[in-house]
1. Taking the options Val46, Val42, name whichever one is open to solvent by 40 Å² or more (accessible area, probe 1.4 Å), closer than 18 Å to Met118 by Cα and either at pLDDT below 95 or charged (D, E, K, R) (or both).
2. Please work out which one of (1) modelled with pLDDT under 95; (2) buried (at least 20 other Cβ atoms within 10 Å of the Cβ); (3) aliphatic (A, V, I, L, M) is the condition Ala75 fails and give its number.
3. Which one of the conditions (1) in a loop (DSSP other than H, G, I, E, B); (2) open to solvent by 40 Å² or more (accessible area, probe 1.4 Å); (3) modelled with pLDDT under 90 does Val130 fail to meet, given that it meets all the rest?
4. Counting just the residues of region 8-21 that are more than 12 Å from Gly79 (Cα to Cα) and in contact (Cβ under 8 Å) with a residue 60 or more places away in the chain, which one comes out least open to solvent (accessible area, probe 1.4 Å)?
5. Test Gly104 against the stated conditions and say whether it is modelled with pLDDT under 85, open to solvent by less than 30 Å² (accessible area, probe 1.4 Å) and farther than 20 Å from Phe13 by Cβ.
6. Among the residues of region 22-38, how many are surrounded by 15 or more Cβ atoms within 10 Å (Cβ to Cβ) and out of contact with any Phe, Trp or Tyr (no Cβ under 7 Å at 6 or more places or on another chain)?
7. So, in region 25-47, exactly how many residues are among the β-branched types (Val, Ile, Thr) and touching a helix residue (DSSP H, G or I) at 6+ places or on another chain (Cβ under 8 Å)?
Amino acid sequence: MMIDPAVGLLVTFTMALLFGSASVHKLRDLHRFEEIFAAYGVLGFVARWKLSWMVPVLELAVAVGLLFDGSRLWAAGVGAALLLVYAAAIGVNLRRGRRDLACGCGGPNDRSPIAPWMLGRNTLLALLLVGRSEERR
């Protein structure tokens, strides 16, 4: 199903803004983000250390990639994967009963705890990205 191109561009640029601002928040206080990342306890120490700086770099790449036709498909796929990985990490910790973890959604100084609704939000955003990339084929 084809949606109005203006609506499609609005979704694309909104997602680019979301990923770009998420990246900047993390890069501004990478040490705090590393603490939040480690608190999730889903990866070993070495993997956490290497991935904690890669996450904001990937988010920034997604934000920039969404802005250009030639890279939009790749960026949408990576962005959707990131959102689903975030949802999985939140889900694992909710299942463990660890509802006091900071989600890190609003930047490193945001202390909002993880919550079940975040699973639906991330899944919906991932579906929007995939839908935009499918439309471009």
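The values are calculated or read from the model by the stated rules, or taken from the named source; none is laboratory data. Keep in mind that what you see is a predicted model, and the values were worked out from it rather than measured. Heads up, the Cβs are rebuilt from the backbone with ideal geometry, glycines too, and the neighbour counts pull from every protein chain shown. We work out accessible area using only protein heavy atoms, side chains counted, and drop any ligands, DNA or RNA first. Shrake-Rupley method; radii C 1.70, N 1.55, O 1.52, S 1.80 Å.
1. Val42
2. Failing condition for Ala75: (1).
3. Among (1) in a loop (DSSP other than H, G, I, E, B); (2) open to solvent by 40 Å² or more (accessible area, probe 1.4 Å); (3) modelled with pLDDT under 90, Val130 violates only (1).
4. Within region 8-21, the match that is least open to solvent (accessible area, probe 1.4 Å) is Gly8.
5. For Gly104, the condition - modelled with pLDDT under 85, open to solvent by less than 30 Å² (accessible area, probe 1.4 Å) and farther than 20 Å from Phe13 by Cβ - is met.
6. Final tally of qualifying residues: 9.
7. The qualifying residues number 1.
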